Amino acid sequence: PHKTGSTAIQTSLQLDLYHKSLASDNYMLLPGDQGYSMKKALSRCLNFSGKKCPTDIMKQMKKARSNSHNILISSEQFDYYRPMKQIQAFFKHFDSIQIVVVYRRFSEWLASWYGQDRR
């Protein structure tokens with residue numbers, strides 16, 4: 001199940017403080033707040049929707065490759081995108097990929113879900 005705290009992470013990463021910190025460590029964020037849903041954007045970039053990847057995401061990917069930057073993508077949506085061929089094709093120009101998976105114990109997830117549902 002979802003509810004891994006990804007919303008809190010994604011919100012924090014949008015703060016200017018974190019942008020500067022990430023930049024100093026040679027990281028850049030994949031755009032996610034340019035008026036579209038990151039879920040839909042990833043679906044497009046991984047070619048599940050039949051539509052093209054948003055231009056700003058492709059520009060960021062190209063900029064990262066040409067400047068040897070790392071890209072940070074925080075999205076629970078990768079849980080939906082299991083076909084590795086599309087994921088591999090999207091990242092094919094990068095020499096290495098590190099995937100970090102967060103697992104939340106069901107009892108903790110359930111308490112969080114219940115609390116959020118009651119808001």
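Put ARG119, ARG65 in order of accessible area, highest first, and with a 1.4 Å probe you get ARG119, ARG65.
Quick one: ranking MET38, MET58 by accessible area, 1.4 Å probe, largest first, what do you get? It would help to have the intermediate numbers written out before the result.
Details: MET38 35, MET58 85 Å².
Largest accessible area first, the residues go MET58, MET38.
For the set LEU29, LEU46, the ranking by accessible area, highest first and with no ligand, DNA or RNA atoms included, is LEU29, LEU46 under a 1.4 Å probe.
Give me the extension gain from ILE97 to GLN116: residue separation times 0.36 nm, minus the current Cα-Cα distance, reported in nm with one decimal. Could the numbers behind the result be given before it?
Numbers: separation 19, 0.36 × 19 = 6.84 nm, distance 3.31 nm.
Using 0.36 nm per residue and subtracting the Cα-Cα distance, I get 3.5 nm.
Extending 7 Å from Cα along the Cβ direction at GLU108 and again at THR7 yields two label points whose distance is 1.8 nm.
Rolling a 1.4 Å probe over the protein chains gives LYS51 an accessible area of about 130 Å².
The values are calculated or read from the model by the stated rules, or taken from the named source; none is laboratory data. No experiment lies behind these values; they were computed from the predicted model shown. All Cβ positions, glycine included, derive from the backbone under ideal geometry; neighbour counts span all protein chains shown. Please note that ligands, DNA and RNA were not included when accessible areas were found on the heavy atoms of the full protein model with its side chains. Shrake-Rupley method; radii C 1.70, N 1.55, O 1.52, S 1.80 Å.
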